[in-house]
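Worksheet for the structure shown next.
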Amino acid sequence: MNKIFAGMFFIFLNFNLELDSVTIGLVPDFVGYILLFMGMRELENLSGYFADRKKTCIPMAFYTGILYIIDLIGLSAVGDEIDLKYAILLLCEIISCIISLEILYSIIKGIEDIEHRYFCDLNYEKLILIWKAILAAVVITYVCLVFVSVLSLFAAIANFILTIIFLYQFNITRKSYYYILANQQEVNQ
């Protein structure tokens, strides 16, 4: 669960350093997907959601690694006008976001499976509620980006705040999981 938490941190929080047309990702997404893969592999015997969705993490690691390199060498820089390059980059970003949200949903459903398996509370209800709010904020961000760009800023800020709240709640889940795991090991001894 620690690797999944760290992976989420890398994927959902983006801190970039921009120098002219070069963007340096200080928290690279591809590292996050590798961590997610490793964490989901550790938990795959507890839920099919982890086993099924972990397969998506490796292609996403390659994809985001390529995007990281493209940003690093300055090929992703777009001008002031909206052109084909901008539209392609936006489409790639939307597809990446959809896949990330799907992976996140699978992790949450895997947590629900663990709750049912061990008859415990791992914060599933709060996580799924926040996930739905993040989904709504992402949809509003991209719709507003196309039609009313000023409103997309507010939706993006809401998305950022919701992501912080989600990471906080997932940290509670992570701690609860390890507490339950420790208690299970005591019972088995």
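Is there any pair with a first residue in the stretch 126-149 that is within 20 Å of Y105 (Cβ to Cβ) and free of Cβ contacts under 8 Å to residues at least 40 places away in the same chain and a second that is of a type in the set (S, T, Y) and surrounded by 14 or more Cβ atoms within 10 Å (Cβ to Cβ) whose Cβ atoms are under 7 Å apart and which are 6 or more apart or on different chains, and what are they? These pairs meet every condition: W131/Y105; I134/T163; T141/S152. Taking the conditions (1) of a type outside the set (D, E); (2) surrounded by 14 or more Cβ atoms within 10 Å (Cβ to Cβ); (3) within 23 Å of A137 (Cα to Cα); (4) at pLDDT 90 or above in turn, A51 satisfies each one other than (3). Between Y105, Y33, Y68, the distinction of being under 16 Å from F12 (Cβ atoms), touching a helix residue (DSSP H, G or I) at 6+ places or on another chain (Cβ under 7 Å), part of a helix (DSSP H, G or I) and modelled with pLDDT under 90 belongs to Y68 only. For the condition among the hydroxyl-bearing types (S, T, Y) and under 15 Å from the mean Cα position of the chain (by Cα), what is the one hit in Y142, Y105? Just a single option satisfies the conditions, and that option is Y105.
Scan the stretch 150-163 for residues that are among the β-branched types (V, I, T) and free of Cβ contacts under 8 Å to residues at least 12 places away in the same chain and jot them down. Matches in the stretch 150-163: V150, I157, I161. Evaluation of G39 against the conditions (1) surrounded by 17 or more Cβ atoms within 10 Å (Cβ to Cβ); (2) at pLDDT 95 or above; (3) farther than 22 Å from L162 by Cβ shows that the sole unmet condition is (3). Put simply, of I164, I134 the only residue that is in contact with a helix residue (DSSP H, G or I) (Cβ under 8 Å, 6 or more places away or on another chain) and in a helix (DSSP H, G or I) is I134.
For the stretch 150-160, the count of residues that are assigned to a helix (DSSP H, G or I) and under 27 Å from F119 (Cβ atoms) is zero.
From the list E93, E81, exactly one residue is part of a loop (DSSP other than H, G, I, E, B) and either at pLDDT 85 or above or out of contact with any helix residue (DSSP H, G or I) (no Cβ under 7 Å at 6 or more places or on another chain) (or both). Which is it? Give the derivation first.
Numbers: E93 fails: part of a loop (DSSP other than H, G, I, E, B).
From the options E93, E81, the qualifying one is E81.
Would you confirm, using the coordinates I've provided, whether F166 is farther than 25 Å from S47 by Cα, surrounded by 12 or more Cβ atoms within 10 Å (Cβ to Cβ) and either at pLDDT 95 or above or touching a Leu at 6+ places or on another chain (Cβ under 9 Å) (or both)? Walk me through how you get there before you give the answer.
Values: farther than 25 Å from S47 by Cα: no; surrounded by 12 or more Cβ atoms within 10 Å (Cβ to Cβ): yes; either at pLDDT 95 or above or touching a Leu at 6+ places or on another chain (Cβ under 9 Å) (or both): yes.
No.
The values are calculated or read from the model by the stated rules, or taken from the named source; none is laboratory data. Remember, predicted model here, so these are calculated numbers, not experimental data. When we count neighbours, we look across all protein chains shown, and the Cβ atoms used for this are built from the backbone with ideal geometry, even at glycine.
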